[in-house]
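Working notes, beginning with the structure itself.
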Amino acid sequence: MAGCLLFSGGFPAGTAAPQDPPTRYDWLPREKLSTAALALLEGVTPSQEGASPAGRRSRLVPPGANPGPVGANIRLGEDPELLPEDRRAQAEPHLARSFSDPGLLLATFQEGRFSDGGAFSCGYAVSHDGGATWTRDLIPALVGADGAGAFDRASDPVAAVGLNDLLLLNTLGLWGGDPAAWLTAITLSRSTNRGATFEAPVVVAESASSRLFLDKNWMAANSFPGTPTAGRIVVTLTRFNVSVVTGTTNPIAISHSDDGGSTWSDLRIVTSDNVQGSQPVFLPDGSLALGYWNFEGNTIETLWSEDGGGTFGDPTVVAEVTPHRDAVARSAEFLPSMTADRTLGVLHLAWQAREEVPRILVAHSRDQGRTWSPAVAVNDTPAGQSVFNPAIAVSPDGQHVTVIFYDKRNDDGSGYWVDLYLAESFDGGKTWEPNTRVTTESSDLRNAPLTSGRRMLGDYQAVVPALNLGTPGAAVWVDARGETPDPYTAAISRRQPATFRAWQWLAFADPDADEARPEADREGDDLPNLVEYLTGTSPNRLDPEPLQPGPGPATWWVEVQAAVMDVEPVWRESNDLRAWAPAYPAVHPGPAAEPACVRWSVSLEVTESGRDFLRLGAATK
């Protein structure tokens with residue numbers, strides 16, 4: 001196992017600090033920084049050059065051009081009152097959803113973007129009806145300009161929903177007199193009342209001098225009850241450091257909290273020294289996968305931690321990448337997007353690249369990131385048109401994969417017009433549907449802030465999955481159809497149910513092998529594959545009996561996957577656990593702990609010999 005370097009500040013014992021430590025960030029490699037860091041260090045002056053003339057209209061979607069899964073484009077509430085009138089541009093949105101409450105969504109984004117880096121603050125928006133309406137505000141006590149905050153500016157907001165619907169916001173705080181020597185801190189704000197209020201931010205990590213710059217934070221929360229690390233919150237970041245011993249380094253560091261974000265472990269370095277763009281993801285067994293970009297060779301790599309972020313194995317190369325950078329819009333080509341389903345734990349990675357033409361590429365892993373499939377292109381953009389900033393999500397059962405990305409296929413040749421598009425798969429990523437336009441009007445990049453020579457919508461955006469056929473997912477992006485960029489959202493519905501064939505393809509390297517047959521039981525837990533598929537358990541681990549005793553005699557309950565429609569239950573009963581006969585119990589569907597499932601209440605008539613025993617089987621329809 002690769003060791004994790006514990007870091008709590010300072011230089012190694014016996015090593016002298018530089019005699020003349022730098023007081024500015026002149027040493028930082030600009031090509032590896034996020035937008036906030038890059039603009040701050042370059043001291044960009046706010047500019048209105050190229051701004052759209054008053055009255056310019058966005059490019060409209062022709063009638064009937066938005067068929068299928070996409071809902072209305074909805075602006076995420078009104079600008080907060082504390083936001084200065086001359087500072088109304090938003091950027092860099094992120095989105096998370098609850099997997100127990102189908103209506104609960106949490107979005108976050110930069111509020112009042114500065115052209116010279118960072119924002120007036122970071123905001124959030126909460127929806128309790130699946131994204132139809134939103135309540136929006138600034139993250140409290142984050143920046144001094146809005147009241148009691150400790151920081152001068154904020155950036156890089158990320159959202160997560162933890163165990164028991166704990167709402168979490170992770171941001172980068174910046175403070176100090178000289179933007180080229182500002183100090184940095186990574187913070188976490190939480191809400192224990194479903195977004196009604198947020199507590200003051202807690203500092204996860206901070207820099208003590210301009211020799212250290214913290215950048216591009218990300219977050220994951222373990223919302224899998226019953227796992228060894230249930231409730232754990234992990235924050236990762238890129239730790240830029242300069243010293244006379246090592247020169248300039250930029251590894252990924254990690255910190256975790258096991259008390260809901262109140263206290264945090266010391267930072268531990270877990271990668272090599274020249275990386276960026278970390279993506280932590282918890283898997284259904286409580287382990288943690290970590291994806292990131294390695295500048296040595298321009299590769300995307302992953303690590304796996306069996307103990308949920310404590311120790312990590314050796315890195316696996318996902319792909320070698322030829323980077324693609326848009327000519328007009330700021331895009332973080334070194335920031336992949338990674339996710340996993342909540343049933344089989346299959347990982348999916350998306351990134352932008354140039355393969356003769358710009359592409360959005362996706363790969364998947366069935367084994368916690370130890371091996372990866374070849375990448376496939378999921379955009380059908382006409383050759384030569386730019387695509388950038390992909391974000392990926394996957395349904396809890398693993399079969400509906402959605403990727404959103406900016407796309408210039410409707411541009412007029414100027415390079416200024418961009419739309420949001422959707423790629424989706426209904427069989428776990430084996431095949432892909434034609435792309436769907438999400439935006440009803442094109443964005444004019446000239447309305448976006450000019451940051452480091454390119455127009456800033458953000459280094460990332462986000463999409464969350466549909467929970468079932470009746471509970472849509474949602475996308476969030478920054479849209480420049482108006483005079484200033486605003487955060488927008490749209491629902492993304494799932495239109496096809498799950499299939500056992502797609503489940504076989506996701507669960508097994510060879511879906512035609514004997515171990516993938518409907519009646520096979522590879523791991524020996526007395527749950528054949530067809531029952532595992534129906535109940536959302538996994539053939540790759542020992543699962544408990546899904547049929548649980550109910551509150552009364554001869555009653556049981558079981559949770560089954562809501563999107564499964566090609567399999568039906570087969571029941572058998574026994575009085576002695578030896579002889580089994582066909583059974584025809586009464587089955588009453590009801591709500592489950594997670595909306596991706598349906599809970600069946602099952603009951604039999606009680607026989608004279610006492611309480612019956614019941615066994616669940618399955619058959620294809």
Antiparallel bridges, percent of DSSP beta bridges restricted to the chain (to nearest 5): 95 percent
What order do you get for 88-101, 208-221 when each peptide is scored by the mean count of other beta carbon atoms within 10 Å, highest first? 88-101, 208-221
Whole-Å distance linking the alpha carbon centroid of segment 177-252 with that of segment 561-577 is 47 Å
Hey, if you put +1 on the Cβ of every Lys and Arg and -1 on every Asp and Glu Cβ in segment 324-477, which of 456, 373, 467 ends up farthest toward the positive end of that dipole? 456
Rg from C-alpha atoms of the chain, normalised by the globular rule of thumb 2.2 N^0.38 Å, equals 0.99
Would you please calculate the Kirkwood hydrodynamic radius of segment 86-176 over all C-alpha pairs and express it in Å, rounded to one decimal? 13.4 Å
Please report the spacing between the Cα centers of segment 394-473 and segment 336-353 in Å, no decimals. 16 Å
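On a full-extension model of 0.36 nm per residue, what is the gain between residue 376 and residue 575, subtracting their alpha-carbon distance, rounded to one decimal in nm?
66.3 nm
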Would you please give the FRET efficiency between residue 357 and residue 541, computed as 1/(1 + (r/R0)^6) with r the Cβ-Cβ distance and R0 = 56 Å, to the nearest 0.05? 0.85
Projected label distance in nm at residue 517 and residue 148, using a 7 Å step from Cα toward the beta-carbon: 6.7 nm
Computed from the beta carbon distance with a Förster radius of 60 Å, FRET efficiency for residue 605 and residue 317 to the nearest 0.05 stands at 0.50
For a quick protection proxy, order the peptides 539-549, 157-167, 339-349 by their average other-Cβ count within 10 Å, most packed first. 339-349, 157-167, 539-549
Going by a ≥ b ≥ c, the root eigenvalues of the Cα gyration tensor, does segment 326-420 fall in the rounded group (a/c under 1.5), the prolate group (a/b larger than b/c) or the oblate group? prolate
Against the rule of thumb 2.2 N^0.38 Å, how large the Cα Rg of segment 393-524 comes out: 1.35
How big is the Cα convex hull of segment 150-302 in projection, averaged over all directions, in nm²? 9.7 nm²
How large is ³J(HN,Hα) for each residue in segment 523-540, as worked out from phi by the Karplus curve 6.51 cos²θ - 1.76 cosθ + 1.60 (θ = phi - 60°), to whole Hz, x for Gly and Pro? 8, x, 9, 6, 10, x, 4, 5, 6, 4, 5, 5, 9, x, 8, 10, x, 9
With Rh as the Kirkwood radius over Cα pairs, segment 481-621 has Rg/Rh of 1.11
If amide H atoms are modeled at 1.01 Å from N in the peptide plane, then the residues at a separation of 5 or more from residue 219, or on another chain, having amide H under 5 Å from its own are 236
I need the Debye-formula profile for segment 292-341: one equal scatterer per C-alpha, no solvent, reported as log10 I(q)/I(0) at q = 0.15, 0.30 1/Å, two decimals. -0.52, -1.18
Please grab the % of Cα pairs in segment 253-360 that end up more than 25 Å from each other. 27 percent
Per-residue ³J(HN,Hα) for segment 224-240, Karplus 6.51 cos²θ - 1.76 cosθ + 1.60, θ = phi - 60°, Hz, x for Gly and Pro: 9, x, x, 7, x, 10, 4, x, 5, 10, 10, 10, 10, 7, 9, 10, 7
Karplus-derived 3J(HN,Hα), 6.51/-1.76/1.60, for each residue of segment 99-107, Hz, glycine and proline x: 9, 10, 10, x, x, 8, 10, 10, 10
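Any read-out appearing in this document is the output of simple, stated calculations on the displayed coordinates, not a laboratory observation. Just so it is clear, the structure is predicted and the values come from calculations on it, not from any experiment. Note: ideal-geometry Cβ built from the backbone for every residue, glycine included; neighbour counts use all protein chains shown.
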